[in-house]
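Okay, structure first, notes after.
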Amino acid sequence: MSIRESTLRAPSSGAPAGRLGLGPGIALYLASVLGTGLLVLPGLAARAAGPASILSVAIVTLLAIPLAGTFAALAARHPDPGGVASYVRRTLGPTAARAAG
């Protein structure tokens, strides 16, 4: 067996290869969208808005959870590395996909 063939085989742990559940999908989405912002933006927001900035961060986090669930469900139903642009292409066509990309 060549090295390439061994890297293409499914892992032997019994878990299906290439599958991501709803919970891990939501966690990855939140980490990628909010992750870097959570390091920089709270300090800037606190300087501009004071203590009210904590409330705004909590509201944004709560609003991001349903959006994360939507993208996790779309990714589970239509696994495509194109992300948002591929979902837009499926529904609105290639011109809208280019604009979304």
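The values are calculated or read from the model by the stated rules, or taken from the named source; none is laboratory data. None of the values given here were measured: they were computed from a predicted structure. Every residue, glycine as well, gets a Cβ built from its backbone with ideal geometry; the counts of neighbours run over all protein chains shown.
Taken over the range 73-84, the criterion of being within 13 Å of the chain's Cα centre (by Cα) and either aromatic (Phe, Trp, Tyr) or surrounded by fewer than 16 Cβ atoms within 10 Å (Cβ to Cβ) (or both) is satisfied by ALA73, ALA76, PRO79, ASP80, PRO81, GLY82, GLY83, VAL84. The number of residues in the range 46-101 that are without any contact (Cβ under 8 Å) to a residue 24 or more places away in the chain, small (Gly, Ala, Ser) and over 17 Å from VAL33 (Cα atoms) comes to 11. Only residues that are surrounded by 11 or more Cβ atoms within 10 Å (Cβ to Cβ) and modelled with pLDDT under 80 were counted across the range 36-53, and they come to 5. Summed over the range 86-99, the residues that are more than 15 Å from LEU74 (Cα to Cα) and surrounded by 15 or more Cβ atoms within 10 Å (Cβ to Cβ) give a count of 1.
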